[in-house]
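> Take this structure, written in structure tokens, and hold onto it; I'll ask about it next.
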Amino acid sequence: MIKSAKWPIALVLLLTGSAIGLYLGMVVGGAANPSGLIDVGPWLRWGTPATRIVFEIAQALTIGGLVFMAFALSAKSHAFSRAVGFVAFSAAVWALAGTGYLFLTYLNITGGLFSLDNLFFDQFWIFLTSIELGQLLSLNVLAAYLLALVVLLIRNLTSLIFAAALSLASLIPLAFSGHSAGSASHALAVNALGLHLLGICIWVGGLAALIISYRRDPRAELVARYSSLALFSIGLVAVSGISSAQIRIGTLENWFTTGYGQVTLMKTAMLILLAGFGFLYRTRFIAKLSEANSGFWKLITVEFLIFGVSMGLGTALARTPNPVSDYPVGDLTPAEILTGSKLPAEPGAWSWITVWEIDLLWSIICLALAGFYLVGVLRLVRRGDNWPIARTISWLAGCGLLFYVTSGYFNVYEQYLFSAHMLSHMLLTMGVPVLLVPGAPVTLIARAAIKRSDDSRGLREWVLWAVNTRYAQVIAHPLVAAFLFASSLVVFYFTPLFGWATREHIGHQWMIVHFVITGYLFVQALIGVDPGPYRLGYPQRLILLIGTLAFHAFFGLAIMNGQTLLLPEWFGAMGRTWGPTPLEDQQIGGAIAWGIGEIPTAILTLYVAISWSKSDQRDAKRLDRASDRSGNQDLAEYNEWLERINKGK
Ligand code: HEM
């Protein structure tokens, strides 16, 4: 049915499904009933989520379309230019529906009172520019307008990747809005909703772009490429959806007895259905695609309908009061006011291994880094190629340490203890990179990932493109990497960056990424197996290492002997009832920066010294072999020279 008219029918099915899902979700969840506070009337009560659905579908088609094009299509194919047109159209719909949703959201907040006088529009402007929800939604809609323009200018994969990056970034403000804006479990709620929207966009938009790209049946490898994206997305949507639901539903009983719980159960059923379709694709349809009645299009038809229903249910859920309040209730302690969570108990001897607060985003990143690496190694081993086991162990240990720092003891205590913050910092910028770099991930990807032959870019092509960009060459230069590594510490702790990264969730995420990357670039410049833009000689590497870390030590000493509390409005106002005073704790942090920083230094120095002696040995062997091949010609010439000196000639 969908084969001939393709995307218009896909769109109709998505919208029909979402209308059904929205209606069901609003009625079952209770969002269809006038709310106790301000009743804005049925038009706004239904019109606002209905506009949100159009906005979310257009957003998914744009973002998923761009990701699918970047991962599956060649810029020289007709499919690419067709997809560009479709994505530009959906970005325009996203921008317009987003503007409408912004306006309706404002009317909801102001009780639905619309007027044409200046005051109304002045206040609406204040909502857009000074109220968090208005600011967040405006950022997303502005990105949509920009994309609607930029996408039309895309002519190659490089410009496409920047448009795709902008579209993905536009999900961040959305992740901070809605129920996630509450302070209870804020970090987890924001990460879960962000990952949820990301998975939905790639899944739904990728399928739409697949059918748009081809007038007749798509090539099997295109469907296979989409299927890999879909597999990744279904995992993301399921894990993030359940984590997000658990924060808001609380008890098992609430899943069955509350409107919010029941709508989430309906969504879970939809996801299981969609997973079944995915299984059918991978096990049956991809192989039979070239056959006339492969049933592929019938499946796609139903899938778009189910996607629509799930998105409708999701949008209704976002408007449904959830059993667990988004904000801590009762008399709040200073810690709850600052962090949104209660002060944890005083850490004991075993807290290092017994206290955990899983960070969904970084757990998924660590799992993906370890998982993809093992798939690559297995592929080489199956091909009979050799890959040193030490590299695999080092890489997996690096992923494990990153998981521990972002989900273990430090994720619980670093908001309350400067010393814990500093130690996690040292492990992120030194410990993790010293383990990851010897894993040689770029070399593994270059050898294990299948090389594309149709001018499209897969993981292998994008990684090799990224490490060879001018920008990468500059920041990976040993001197630049050393400067970034050393200066980041001082710039971070002695500027408002420290406050931003401590108070704001997005600041904290930036801090983790920044310090792992600057540490990685520095360690890569010293001991990296992967190719780099410029290799220093071993003596220069040792000098660079000792110089950089002397700088670290001075920084540690400065903090250790400092008498002024950094971030007094945070660490000084936490109301901590146990442990050292905030200043003593800060000085312990300084000692950690000075002391702990030395351990990875020693490892690096040892590593550089050993590699140096090994390369000398290799050189000696090579020279010996060359001398043997030339019948020790060089030795004879050297002895002749010595003789000449002896004779004073
Ligand atoms: C295991 C299955 C799933 C669970 C447990 C789940 C759970 C959730 C939760 C808890 C939310 C946040 C609602 C809020 O703000 O309170 C949400 C939002 C949403 N979900 Fe799901 N979901 C699942 C599957 C899906 C699927 C398969 C889709 C569509 C393909 C989907 C589409 C959406 C959408 C569009 C939103 C609304 C985002 C917003 O408007 O803020 N979900 N989901």
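The values are calculated or read from the model by the stated rules, or taken from the named source; none is laboratory data. It should be emphasised that the depicted structure is a prediction, and the values quoted were computed from it without experimental measurement. Glycine also receives a Cβ, built like all others from the backbone with ideal geometry; neighbour counts cover every protein chain displayed. Ligands, DNA and RNA are excluded from the accessible area calculation, which covers all protein heavy atoms including side chains. Shrake-Rupley method; radii C 1.70, N 1.55, O 1.52, S 1.80 Å.
> Please go through segment 365-392 and pick out each residue that is assigned to a loop (DSSP other than H, G, I, E, B) and open to solvent by less than 70 Å² (accessible area, probe 1.4 Å). Don't jump to the end; show me each part of the working.
Here is the first cut: in segment 365-392, the ones assigned to a loop (DSSP other than H, G, I, E, B) are 383-388.
Residues satisfying the conditions are 384, 385, 387, 388.
> Just the residues that are open to solvent by less than 10 Å² (accessible area, probe 1.4 Å), assigned to a helix (DSSP H, G or I) and β-branched (Val, Ile, Thr), please, taken from segment 142-156.
Across segment 142-156, the qualifying residue is only 151.
> While we're here: Test residue 332 against the criterion of being assigned to a helix (DSSP H, G or I), open to solvent by 20 Å² or more (accessible area, probe 1.4 Å) and either in contact (Cβ under 8 Å) with a residue 12 or more places away in the chain or not small (Gly, Ala, Ser) (or both), and give yes or no.
On the way: assigned to a helix (DSSP H, G or I): no; open to solvent by 20 Å² or more (accessible area, probe 1.4 Å): yes; either in contact (Cβ under 8 Å) with a residue 12 or more places away in the chain or not small (Gly, Ala, Ser) (or both): yes.
Taking the combined requirement at face value, the residue does not satisfy it.
> Right, something else. Looking at residue 331 and the list (1) modelled with pLDDT of 90 or more; (2) away from the ligand (no atom under 16 Å from the Cβ), which single condition is not satisfied?
So residue 331 meets the others, but not (1).
> Here is a further query. Name the residue, out of 45, 82, 52, that is among the basic types (Lys, Arg) and under 28 Å from the mean Cα position of the chain (by Cα).
Numbers: 45 fails: under 28 Å from the mean Cα position of the chain (by Cα); 82 fails: under 28 Å from the mean Cα position of the chain (by Cα).
One residue alone meets the criteria, 52.
> Moving on. Give me the residue from segment 414-454 that is of a type in the set (Gly, Ala, Ser) and part of a helix (DSSP H, G or I) and, out of that set, most open to solvent (accessible area, probe 1.4 Å). Before you say what the answer is, go through the steps one by one.
Applying the first criterion (of a type in the set (Gly, Ala, Ser)) to segment 414-454 yields 419-420, 424, 431, 439-440, 446, 448-449, 453.
Still in the list and also part of a helix (DSSP H, G or I): 419-420, 424, 431, 439, 446, 448.
Values: 419: 17, 420: 5, 424: 1, 431: 16, 439: 0, 446: 34, 448: 6 Å².
Top of the filtered list is 446.
> Answer yes or no: is there a residue in segment 501-514 that is more than 30 Å from residue 565 (Cβ to Cβ) and modelled with pLDDT of 95 or more. Explain how you work it out, then say what you get.
Taking segment 501-514 and keeping what is more than 30 Å from residue 565 (Cβ to Cβ), we get none.
There is no residue in segment 501-514 that is more than 30 Å from residue 565 (Cβ to Cβ) and modelled with pLDDT of 95 or more.
> Working only within segment 335-359, note down all residues that are of a type outside the set (A, V, I, L, M), open to solvent by less than 50 Å² (accessible area, probe 1.4 Å) and outside any loop (DSSP other than H, G, I, E, B).
336, 339, 351
> Just one of (1) among the aromatic types (Phe, Trp, Tyr); (2) within 14 Å of the ligand (Cβ to nearest atom); (3) within 23 Å of residue 65 (Cβ to Cβ) trips up residue 281, so point out which.
Among (1) among the aromatic types (Phe, Trp, Tyr); (2) within 14 Å of the ligand (Cβ to nearest atom); (3) within 23 Å of residue 65 (Cβ to Cβ), residue 281 violates only (2).
> Suppose we keep only residues that are part of a helix (DSSP H, G or I) and polar (S, T, N, Q) within segment 111-132. Which one would you say is farthest from residue 155 (Cα to Cα)?
Initial filter on segment 111-132 (part of a helix (DSSP H, G or I)): 118-130, 132.
From what is left, the residues that are polar (S, T, N, Q) are 118, 123, 129-130.
On the way: 118: 43, 123: 41, 129: 34, 130: 37 Å.
Applying the filter and picking the extreme gives 118.
> Same structure, new question: Show me the helices (runs of 4 or more DSSP H) entirely contained within segment 1-110 in which 1 or more residues are within 15 Å of the ligand (Cβ to nearest atom) and of a type in the set (Asp, Glu).
Working: elements: 2-5, 7-29, 42-72, 78-109.
Counting at least 1 such residues, we get 42-72.
> Here is a check on your reading of the model: is residue 95 surrounded by 19 or more Cβ atoms within 10 Å (Cβ to Cβ) and farther than 30 Å from residue 452 by Cα? Show your work before the answer.
Working: surrounded by 19 or more Cβ atoms within 10 Å (Cβ to Cβ): yes; farther than 30 Å from residue 452 by Cα: yes.
Considered against the rule, which asks whether it is surrounded by 19 or more Cβ atoms within 10 Å (Cβ to Cβ) and farther than 30 Å from residue 452 by Cα, residue 95 comes out as yes.
> Take the conditions open to solvent by less than 60 Å² (accessible area, probe 1.4 Å), of a type in the set (Val, Ile, Thr), part of a helix (DSSP H, G or I) and within 30 Å of residue 486 (Cα to Cα) and apply them to residue 599. Does it pass?
On the way: open to solvent by less than 60 Å² (accessible area, probe 1.4 Å): no; of a type in the set (Val, Ile, Thr): yes; part of a helix (DSSP H, G or I): yes; within 30 Å of residue 486 (Cα to Cα): yes.
No, not satisfied.
> Take the residues of segment 304-328 that are within 16 Å of the ligand (Cβ to nearest atom), touching a helix residue (DSSP H, G or I) at 6+ places or on another chain (Cβ under 8 Å) and not in a helix (DSSP H, G or I): which is least open to solvent (accessible area, probe 1.4 Å)?
The residue in question is 320.
> Tell me the residue from 395, 362 that is within 22 Å of residue 517 (Cα to Cα), open to solvent by less than 40 Å² (accessible area, probe 1.4 Å) and in contact with a Pro (Cβ under 8 Å, 6 or more places away or on another chain), please.
395
> Here is a follow-up. Residues in segment 376-404 that are closer than 22 Å to residue 239 by Cα and touching a residue at least 60 places away in the same chain (Cβ under 8 Å): how many?
Looking only at that region, the number is 1.
> Could you list, in sequence order, the residues of segment 455-481 that are more than 20 Å from the chain's Cα centre (by Cα), surrounded by 15 or more Cβ atoms within 10 Å (Cβ to Cβ) and part of a helix (DSSP H, G or I)?
Those that are more than 20 Å from the chain's Cα centre (by Cα), surrounded by 15 or more Cβ atoms within 10 Å (Cβ to Cβ) and part of a helix (DSSP H, G or I): 475, 478, 480, 481.
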